[in-house]
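Report on the following structure.
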Amino acid sequence: MNMARRRDFVVFGLGKFGRSVAQTLSMNGCDVLAIDKNEETIQDIAASVTHAVQADVTDMDALIALGVRNFDAAIIAISNDMQSSIMATILVKELGIPFILAKASNDIHKKVLEKVGADKVVFPEREIGVRIANNLISDNFVDYIELSEDYSIVEVSILDEWIGKSLKDIDMRVKYGINVMAIRQQDDSITITPGNVTLKEGDVLVVIGSNTDLKKINIVKD
């Protein structure tokens, strides 16, 4: 199923990560059912999601009664209780939810979650750490999204040697092995097909490529 078509989400666990995901989905017009065992936590988030319910995420009967099987995707945001995280993943898989994203606390936890049915496992703190570290060590780095261990999308300030040239002049695909997706200019306007645009000081390129190739222009370092 295309992620863009998912509009109904159930979020299990309302720590910092779960709460952030639930509220952001809700702000973007999605229907969100937030579930946590703590009543005070439920009261705090109730006004910012579609439904907020106190329940045991490992109780299949409770999940059925809440209509969890009707949701497009489940976010298992419980990493401090590995047993509950794993059980919740198993149960929503059995209920037939098409897509399951789970938060892991370590690599062993990740492997178990994948084994029992999670479609995607994330380490939010680790991923934020990688992003910040790359920001600190790359001189012309603006922003960074790791797609996998090998590929990234980055926003990068243009090099001085590129000013006054077009992307066709530079030919980044041949010279660096990377593809330019867009140019963000100083007024925050975005050019999506930027081949003939002349680069100016202050422009930012949105590029995609392997981390090996990105290092050629000092975007990603070891």
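What follows draws every value from the coordinates through simple rules; no lab data is involved. The structure displayed is predicted, hence computed values, not measured ones. Note that each Cβ is placed from the backbone with ideal geometry, even for glycine, and that neighbours are counted across all protein chains shown.
Brief remarks follow.
- Nearby lysines by direct alpha-carbon distance to Lys165 (threshold 18 angstrom, same-chain neighbours under 8 apart not counted): Lys175, Lys200
- Protection proxy ranking for 15-24, 74-83, using the average of other Cβ atoms within 10 Å per residue and placing the highest first: 74-83, 15-24.
- Within the straight-line cut-off of under 18 Å between alpha carbons, the lysines reachable from Lys37 are Lys16, Lys103, sequence neighbours fewer than 8 places apart in one chain being disregarded.
- Kirkwood-Stokes translational diffusion coefficient of the range 3-122, alpha-carbon pairs, 37 °C, 0.692 mPa s, µm²/s: 238
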